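The values are calculated or read from the model by the stated rules, or taken from the named source; none is laboratory data. Note that the coordinates shown come from a computational prediction; the quantities given were computed from them, not determined experimentally. Positions of Cβ are generated from backbone atoms using ideal geometry, with glycine treated the same way; all protein chains shown enter the neighbour counts.
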Amino acid sequence: MSDVKLDDVAHAIAGYYDPHLKEDLVSAGVVKDIEVVDDAVLVDLSFGFPVKRYMTLVQQELEGQISELTGISKVMVNVGWQTAAHTVQPGKTPLPSIANVILIASGKGGVGRTTATANLAISLAYEGAKVGVLDADIYSPCLAHAFGAANKTIGDLQSEVLDPLSCFGVQLISLGNMVAPDVPMLWGGEHVSKAIEQLMFNTNWGKLDYLLIDLPAGSGDIHKTIFRHIPISGAVLVTTPQDLAVQSAIRTVHMLKMSGISTIGIIENMAVNTCSACSSHEAIFGQSGGQKLAKDYGVDMIGSLPLNTRLCNDIDEGRPTVIAEPLGQLARIYREIAVNMMATLSKQPFHA
């Protein structure tokens, strides 16, 4: 007969700090059941976001931690997840088939937002999420190219139903697959708004855990249409450490807040450059701009990426880095950011 007590096991589990949720699993509400039978312990966990890959690490570390208790010979940790819809802008409700819509936004162009969108979407799918991506950059739609699908077509905006492309486990819709690359998009406000609505609501998305919208830089008719018509669970803001980028990002934070949309995380791109000749590190675009922005506005810093030509080359070749070099450091960083993003959103209020 074992002397192991339920409280001892619960205390051991509470000692496990989850780096993505930024709290222990008990406080985060992940622990659903603890059972002690003689010298065996069974623990059931349920995360609020997909953890197909991450769960193995949690199982191993938690089983090891519980096994250190005296009198225990067997530990089994079962890990599952259930993705729920979170609150959206006032006066709106989540879409029936899409649990959460997340904006990937930036204050200015050239900060790596589209590259981040592609790599994050694939990383979410890697964790077991059902993911879609909408390219909302009507004037310069380039996600089709980023996903290696620039030569594929999906009909036109006159179609009653649009079937998204399936790329690397992600559902993709982009005007880049409907319009020739040499055709300029000289559209006015009403035309742009209608195009956004058609891409969003005429697409046969199926059931999604997350729909990422690659939002063009700045503000304008595209933004107003999305804020007005699409229920948004949250936004991730992409910036570089440069003061100009951060100043533009600040305007975007306020724009999102005015629209009732919470910024759930900040990604800092091009944080540091490593010299290929001498391996010295240099902050070409300044230091800690994204971190300061996150601190000043009470937003989580969910990740930082170095300035690396591989990111640019891979996206130009239509194979985002998480696909081109899945075991590399950059891919690992993107996968960490993806889990951070899901974990941060999971702590937001649920839609009633």
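Data for the structure
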item: Which listed residue is at pLDDT 90 or above and within 23 Å of residue 320 (Cβ to Cβ), from 78, 119; result: 119
item: The stretch 251-263 residues that are free of Cβ contacts under 8 Å to residues at least 12 places away in the same chain and under 15 Å from residue 294 (Cβ atoms), paired with ones that are buried (at least 18 other Cβ atoms within 10 Å of the Cβ) and of a type outside the set (Asp, Glu) (beta carbon under 9 Å, 6 or more apart); result: 257/263
item: Subset of the stretch 26-57 [surrounded by 19 or more Cβ atoms within 10 Å (Cβ to Cβ), among the β-branched types (Val, Ile, Thr) and farther than 16 Å from residue 7 by Cα]; result: 30, 51
item: Matching option when the condition is in contact (Cβ under 8 Å) with a residue 40 or more places away in the chain and over 20 Å from the mean Cα position of the chain (by Cα), among 114, 93, 87, 83; result: 93
item: Counted residues, the stretch 23-57 - those being touching a residue at least 40 places away in the same chain (Cβ under 8 Å) and among the charged types (D, E, K, R); result: 2
item: Identity of the residue in the stretch 56-75, of a type in the set (Asp, Glu) and at pLDDT 90 or above, that ends up farthest from residue 34 (Cα to Cα); result: 61
item: Helices (runs of 4 or more DSSP H) (entirely within the stretch 297-352) containing at least 1 residues that are under 24 Å from residue 100 (Cα atoms); result: 321-324, 329-346
item: Members of the stretch 1-54 found to be out of contact with any helix residue (DSSP H, G or I) (no Cβ under 8 Å at 6 or more places or on another chain) and part of a helix (DSSP H, G or I), listed by number; result: 6, 7, 8, 10, 11, 14
item: Selected residue (criterion: nearest to the chain's Cα centre (by Cα)) from residues of the stretch 172-188 that are surrounded by 14 or more Cβ atoms within 10 Å (Cβ to Cβ) and among the small types (Gly, Ala, Ser); result: 174
item: Leading residue by the ranking (modelled with the highest pLDDT) among those in the stretch 269-296 that are of a type in the set (Gly, Ala, Ser), within 11 Å of residue 241 (Cα to Cα) and in a helix (DSSP H, G or I); result: 290
item: Condition met for residue 111 (outside the structural domain of residue 265 (by TED's automatic domain parsing), more than 20 Å from residue 33 (Cβ to Cβ) and not in a strand (DSSP E or B)); result: no
item: Test: residue in the stretch 129-144 that is assigned to a strand (DSSP E or B), modelled with pLDDT of 90 or more, of a type in the set (Gly, Ala, Ser) and in the same structural domain as residue 322 (by TED's automatic domain parsing); result: yes
item: Residue 266 crowded, with 22+ Cβ neighbours inside 10 Å, free of Cβ contacts under 8 Å to residues at least 60 places away in the same chain and closer than 28 Å to residue 90 by Cβ; result: yes
